[in-house]
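The values are calculated or read from the model by the stated rules, or taken from the named source; none is laboratory data. Note that the structure is a prediction, hence the values are computed from the model and not measured. Please note: Cβ atoms are built from the backbone with ideal geometry, for glycine as well, and neighbour counts cover all protein chains shown. Note: areas computed on protein heavy atoms with side chains; ligands, DNA, RNA excluded. Shrake-Rupley method; radii C 1.70, N 1.55, O 1.52, S 1.80 Å.
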Amino acid sequence: MNGKLKRRTTTIVAHLFNINRCYVQAIWRTAKQCLAAGVPVDVSCKRKKNCGRKKVAIDMSRIATIPLNKRTTLRALAHELVVTRSTLHRCLKKGKICRHSNTLEPYLRDDNKKARLQHCVAMLDGGTLRFIDMKNIIHTDEKWFNTTKKKQRSSTCCPRKRIR
């Protein structure tokens, strides 16, 4: 209708293409200017091809060489790789790196169970079959002081996305 659109047309079109209404109006304005000048309508993007933020290249093979205690958090891994945390977070969201958690879950073998049972029986008083007073006894197991955290996370390189 003489180069005029009905009311709310640009809003409806913007909603259909999931873009801002201003973009639709700018395209319409460009098309009208081309028609007024008598040239073919060209509403393609006028930006050059080399525009926008450049991708930061990360050598994923370096992640495997970093010790586990230095890549437990994204901050520590970013410090070791000399990149920003946001760059690593984008890699995590894209599936290039994955979080891996390792829970410390020791299992008892049969001989361990027998040794524990024998220790409990040794703590019984023979005459009354009650446990002896253990207020003055301290039990320490040194290996638990030297192990890692109960739940330790680390980042690893994922060649393909895992299904969870």
Any residue at all in segment 12-31 that's in contact with a helix residue (DSSP H, G or I) (Cβ under 9 Å, 6 or more places away or on another chain), under 23 Å from residue 155 (Cβ atoms), open to solvent by 70 Å² or more (accessible area, probe 1.4 Å) and in a loop (DSSP other than H, G, I, E, B)? no
Regarding segment 118-128, can at least one residue be identified that is over 30 Å from residue 75 (Cβ atoms), small (Gly, Ala, Ser), part of a loop (DSSP other than H, G, I, E, B) and modelled with pLDDT of 70 or more? yes
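Which members of segment 36-68 meet the condition of being over 30 Å from residue 24 (Cα atoms) and either in a loop (DSSP other than H, G, I, E, B) or free of Cβ contacts under 8 Å to residues at least 24 places away in the same chain (or both)?
Those that are over 30 Å from residue 24 (Cα atoms) and either in a loop (DSSP other than H, G, I, E, B) or free of Cβ contacts under 8 Å to residues at least 24 places away in the same chain (or both): 56, 57, 58, 59, 60, 62, 65, 66, 67.
Please work out if residue 76 is of a type in the set (Gly, Ala, Ser) and under 30 Å from residue 5 (Cα atoms). Show your work before the answer.
Details: of a type in the set (Gly, Ala, Ser): yes; under 30 Å from residue 5 (Cα atoms): no.
Criteria not met by residue 76.
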Out of 65, 87, report the one residue that is among the hydroxyl-bearing types (Ser, Thr, Tyr) and open to solvent by 90 Å² or more (accessible area, probe 1.4 Å). 65
Scanning segment 27-58 residue by residue, those closer than 30 Å to residue 78 by Cβ and among the aliphatic types (A, V, I, L, M) turn out to be 56, 57, 58
The lone exception for residue 41 - which of (1) exposed (fewer than 10 other Cβ atoms within 10 Å of the Cβ); (2) under 30 Å from residue 4 (Cα atoms); (3) among the β-branched types (Val, Ile, Thr) it fails: (1)
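Just to verify a result, which residue in segment 44-62, among those that are charged (D, E, K, R) and open to solvent by 100 Å² or more (accessible area, probe 1.4 Å), is nearest to the chain's Cα centre (by Cα)?
Out of the qualifying residues, it is 55.
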